[in-house]
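Peer 1: Questions regarding the structure given below will be posed in turn.
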Amino acid sequence: MSLADLAAAERPGAPAETPAPPRGAFGRLLRSELRLVLGRRRNLVLLVGLALVPVLLGTVLFVTRDTAISAGGPPFVDRVTGNGLFLVLTALVACLPLLLPLVIGIVSGDAVAGEAQAGTLRYLLLLPVPRTRLLAAKALAVLVFAACTVLAIALSGLVTGAAYFGIGDVTLLSGDTVSAAEGLARTAGIVAYVGLSLTGLVALGLFFSTLTEVPVAAMAATVVVAIVSGVLDALPQLSAIHGALLTHHWLDVGELLRTQIDLGVLGQGLAVQGAWVAIFGALAWSRFTTADVSS
Amino acid sequence: MASTAPARSLSPRARWAVPAGVAAVVAGAFVAPSVIASASSDLPELTPAELLVKVAEAEPVPLSGTVVYTARLGLPDLPLSEVQGASPLDLLGGSSTIRLWSDGEDRSRAALLGSLSEFSVVRDGPQAWTYSSSDDEVVHYTVDADDLERYGELDDAARSGAAPEVAGDLPTPAEAADALLAYAALSTDVSVGTATQVAGRDAYQLGLVPRTDGTLVDRVLVAVDAETSAPLRVQVWATGDTQTPALEVGFTDVSFTAPDDAVFDFTAPPGATTTEVEVPLPDPADHEGTDPEDLKDLGAFDGVAVSGFGWETVVEVEGVDIEGLLAGDPAAATALPGMDRSFGSEGAQDLYGELVGEEGTVPGVPEIDAAALYDQLTQEVPEGRLLTSALLSVLVTDDGRVLAGAVPAEVLRDLA
């Protein structure tokens, strides 16, 4: 690579002059990003922490079952003791309002801003890879991490629930009972829906991350948007905009526990996430490909 | 991120135009369907009588769909679904979504959807179930053995369905339309409104405007599917607010194909609390009297008196033990005064007392109990307790009479 190439790669707004990347460069980039995100000790601690939620929940429910204080609590809690599969749902629903946005916010907010703060971003930009692909690799790595968070909760919930309470036929919200196999399939659907519901937040965090060199600011902004969205969702006066809110459709996941699943409801929720991904993904791309990177 | 190739030659300004373009496309994608759906329809004109005959002659059709029910009755706000999941009490205010299936005959299912909860009403011929997911509670309604034989002879209308407005409880004889119109004409201006679209289907609108000022109802609009003549939407405006309907129930999406039979098969889930209720069938003789002309026959029942006419009708029921009804069991009834929340069992009550302590801070989710709800919904008046809403007034007098009607509260108080 010549000096001119280096200068071109570093100059904002002119990635066009970057030489064509060698074959497999994107794959290598993605692998290194994945290693960075999934290998980082802090992120692993976050995953373990999330995985402990169902263990904690399951243990509490196991100890207090058949006692007077067993009733009440978040949705599905009273069903867990009858069927361990519900521990997955209980844990996911319990983590949705705060824990999952927090963890996603930390990792996505750190994606670009963290490198900028550590001073490694300008060296990363020296690679013969267009910024678009660099951003894509970072986005994919964070998305993979988001999937890991949901899977960590789900698998830990499944194992804990099965160990404590066993797994049997599932009573749906509609009162119908389906076989354990179908229940497992529906649970898989729930896990997938929750995972996809987090994509909008990932795009948002990535955008905030391109705006600043202070990762904490990007993380906080992402979490704040998720929380404010939840607050706005609770105001009936704003019902006109509820449908477009980032978090509004998160609990539509209950649709997968009804006797006839209306795919339209789930599709609507995913379409809203898609809209957030498209808009904030595009914003992140505009910002990242035009920004001056000096550190 | 798939835009790598064209991105190469873009100027920074053009790059910032991309998100704007994306936002415009997204907004377009979400708005376009509703714009297309609101295209006007061109249905042949009908007179009110023709429309009523059309409705009366229509065969009940199998259907499935989603109904949105919105009540703006001006009742105190009860954020119940947040606390205890979907329950029929949600219908007192706010917006609820109900999913509906009907085979057009005597099997139907309605599910009131809450987020992560559901209240289902399943009717399968002579038996019916309700299931509340938040309580894991089943109530099984059956007809006793003697009545079961008679059941087949009885009209569907003899039984209260889950959502009578839409479940196909239509008068089958065509003459009923004329009779109804003639009866309605005594108190009501009946007209055919502008054709509309409900749930993407062309619909006629039947407008009913009371001729009197003595009622809380300003006007009623019923949208009827042009093809199947099934009612698709009912809107009721109150005199208090003539802009926004006080009560609105209508399909947001509907399909007139036979639902899957499995929907109507209900078995109580294992582990659920099941209550068996035997419902007495009304005598066929009594049932004859439900024609609109014979509304006054209501007075033939013991302790029921009807005063007023048409929209101003007030029904008075005597000898109602409100406290007994609210409490459900004698033990709780005695514990009512001074008790903010009561539980079914004394043990639970004691435990609750311990957990709550003196401060009254509630751990976890409180049970909603009927007495507290009753106190919250009604207000003290000299005659007893009064419930006022945009469309209905109910007065429960201290001597156990209940007066109800779509009339201003003052009318009831004068009558009592």
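The values are calculated or read from the model by the stated rules, or taken from the named source; none is laboratory data. Everything numeric here is computed off the predicted structure, so don't read it as measured data. Quick reminder, even Gly has a Cβ in these numbers, built from the backbone with ideal geometry, and neighbours come from all protein chains shown. To get the accessible areas, we keep the full protein, side chains included, count just its heavy atoms, and leave off ligands, DNA and RNA. Shrake-Rupley method; radii C 1.70, N 1.55, O 1.52, S 1.80 Å.
Peer 1: Under 9 Å between Cβ atoms, which residue pairs at least 6 apart in sequence (or on different chains) link something in the stretch A:51-78 that is open to solvent by less than 60 Å² (accessible area, probe 1.4 Å) with a partner that is among the polar types (S, T, N, Q) and modelled with pLDDT under 75?
Peer 2: These pairs meet every condition: A:Leu61/A:Ser70; A:Thr64/A:Ser70; A:Val77/A:Ser70.
Peer 1: Moving on. Look at the stretch B:274-296 and say how many of its residues are modelled with pLDDT of 85 or more and either closer than 30 Å to B:Ala71 by Cα or within 14 Å of another protein chain (Cβ to nearest Cβ) (or both).
Peer 2: 2
Peer 1: May I ask you to list the residues in the stretch A:136-151 that are within 14 Å of chain B (Cβ to nearest Cβ) and either open to solvent by less than 20 Å² (accessible area, probe 1.4 Å) or of a type in the set (Lys, Arg) (or both)?
Peer 2: A:Ala136, A:Ala137, A:Lys138, A:Ala139, A:Ala141, A:Val142
Conditions tested, residue by residue: (1) within 11 Å of chain B (Cβ to nearest Cβ); (2) more than 16 Å from the chain's Cα centre (by Cα); (3) closer than 23 Å to B:Ser115 by Cβ; (4) surrounded by 20 or more Cβ atoms within 10 Å (Cβ to Cβ).
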site	(1), (2), (3), (4)
A:Ala203	yes, no, no, yes
A:Val216	no, yes, no, no
A:Ala221	no, no, no, no
A:Val231	no, yes, yes, no
A:His242	yes, yes, yes, no
A:Thr247	no, no, yes, yes
A:Thr259	yes, yes, yes, yes
A:Trp285	yes, yes, no, yes
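Table: residues versus (1) free of Cβ contacts under 8 Å to residues at least 24 places away in the same chain; (2) within 11 Å of B:Phe264 (Cα to Cα); (3) surrounded by fewer than 20 Cβ atoms within 10 Å (Cβ to Cβ).
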residue: B:Arg107; (1), (2), (3): no, yes, yes
residue: B:Leu112; (1), (2), (3): no, no, no
residue: B:Phe119; (1), (2), (3): no, no, no
residue: B:Arg123; (1), (2), (3): no, yes, no
residue: B:Trp129; (1), (2), (3): no, yes, no
residue: B:Ser132; (1), (2), (3): no, no, no
residue: B:Val139; (1), (2), (3): no, no, yes
residue: B:Val143; (1), (2), (3): no, no, no
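Table: residues versus (1) closer than 29 Å to A:Leu251 by Cβ; (2) in contact with a strand residue (DSSP E or B) (Cβ under 8 Å, 6 or more places away or on another chain); (3) not β-branched (Val, Ile, Thr).
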| position | (1), (2), (3) |
| --- | --- |
| A:Leu57 | yes, no, yes |
| A:Leu61 | yes, no, yes |
| A:Arg79 | yes, yes, yes |
| A:Val88 | yes, no, no |
| A:Leu96 | yes, no, yes |
| A:Pro101 | yes, no, yes |
| A:Ala118 | no, no, yes |
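Peer 1: Please go through the stretch A:104-135 and pick out each residue that is open to solvent by 10 Å² or more (accessible area, probe 1.4 Å), assigned to a helix (DSSP H, G or I) and farther than 14 Å from A:Arg287 by Cβ.
Peer 2: Matches in the stretch A:104-135: A:Ile106, A:Asp110, A:Gly114, A:Glu115, A:Gln117, A:Ala118, A:Arg122, A:Tyr123, A:Leu124, A:Arg133.
Peer 1: Next up: So which residues in the stretch A:266-294 are in contact with a helix residue (DSSP H, G or I) (Cβ under 6 Å, 6 or more places away or on another chain) and part of a loop (DSSP other than H, G, I, E, B)?
Peer 2: Within the stretch A:266-294, just A:Val293 meets the criteria.
Peer 1: Restricting attention to helices (runs of 4 or more DSSP H) lying wholly within the stretch A:170-265, give those where 3 or more residues are modelled with pLDDT of 95 or more.
Peer 2: A:180-197, A:199-211, A:215-233
Peer 1: When the stretch A:171-188 is examined, which residues are found to be open to solvent by less than 10 Å² (accessible area, probe 1.4 Å) and touching a helix residue (DSSP H, G or I) at 6+ places or on another chain (Cβ under 6 Å)?
Peer 2: A:Leu172, A:Leu173, A:Gly183
Peer 1: For the stretch B:55-73, give me the residue count where each residue is in contact with a Leu (Cβ under 7 Å, 6 or more places away or on another chain) and open to solvent by 40 Å² or more (accessible area, probe 1.4 Å).
Peer 2: Adding up the residues that qualify gives 1.
Peer 1: I'd like to know if the stretch A:111-132 contains one or more residues that are away from chain B (no Cβ under 14 Å), free of Cβ contacts under 8 Å to residues at least 60 places away in the same chain and closer than 24 Å to A:Ser229 by Cβ.
Peer 2: Within the stretch A:111-132, none of the residues are away from chain B (no Cβ under 14 Å), free of Cβ contacts under 8 Å to residues at least 60 places away in the same chain and closer than 24 Å to A:Ser229 by Cβ.
Peer 1: Right, another one. Being open to solvent by less than 50 Å² (accessible area, probe 1.4 Å) and under 16 Å from B:Gly74 (Cα atoms) is the filter here; which residues of the stretch B:375-397 pass it?
Peer 2: Scanning the stretch B:375-397 gives B:Leu377, B:Thr378, B:Leu386, B:Leu387, B:Ser389, B:Ala390, B:Leu391, B:Ser393, B:Val394.
Peer 1: Here's another thing I want to ask about it. For the stretch A:155-169, name all the residues that are part of a helix (DSSP H, G or I) and open to solvent by 10 Å² or more (accessible area, probe 1.4 Å).
Peer 2: A:Leu155, A:Ser156, A:Leu158, A:Val159, A:Thr160, A:Ala162, A:Ala163, A:Tyr164, A:Phe165
Peer 1: Go through the stretch B:197-227 and count every residue that is more than 30 Å from B:Glu410 (Cα to Cα), surrounded by 19 or more Cβ atoms within 10 Å (Cβ to Cβ) and out of contact with any Gly (no Cβ under 9 Å at 6 or more places or on another chain).
Peer 2: Within the stretch B:197-227, residues that are more than 30 Å from B:Glu410 (Cα to Cα), surrounded by 19 or more Cβ atoms within 10 Å (Cβ to Cβ) and out of contact with any Gly (no Cβ under 9 Å at 6 or more places or on another chain) number 5.
Peer 1: Quick check on this structure: which one of A:Val194, A:Val178 is free of Cβ contacts under 8 Å to residues at least 60 places away in the same chain and over 17 Å from A:Val112 (Cα atoms)?
Peer 2: So the residue among A:Val194, A:Val178 that is free of Cβ contacts under 8 Å to residues at least 60 places away in the same chain and over 17 Å from A:Val112 (Cα atoms) is A:Val178.
Peer 1: If you don't mind, another one. For the stretch B:114-132, name all the residues that are part of a loop (DSSP other than H, G, I, E, B) and facing chain A (nearest Cβ under 8 Å).
Peer 2: B:Ser115, B:Leu116
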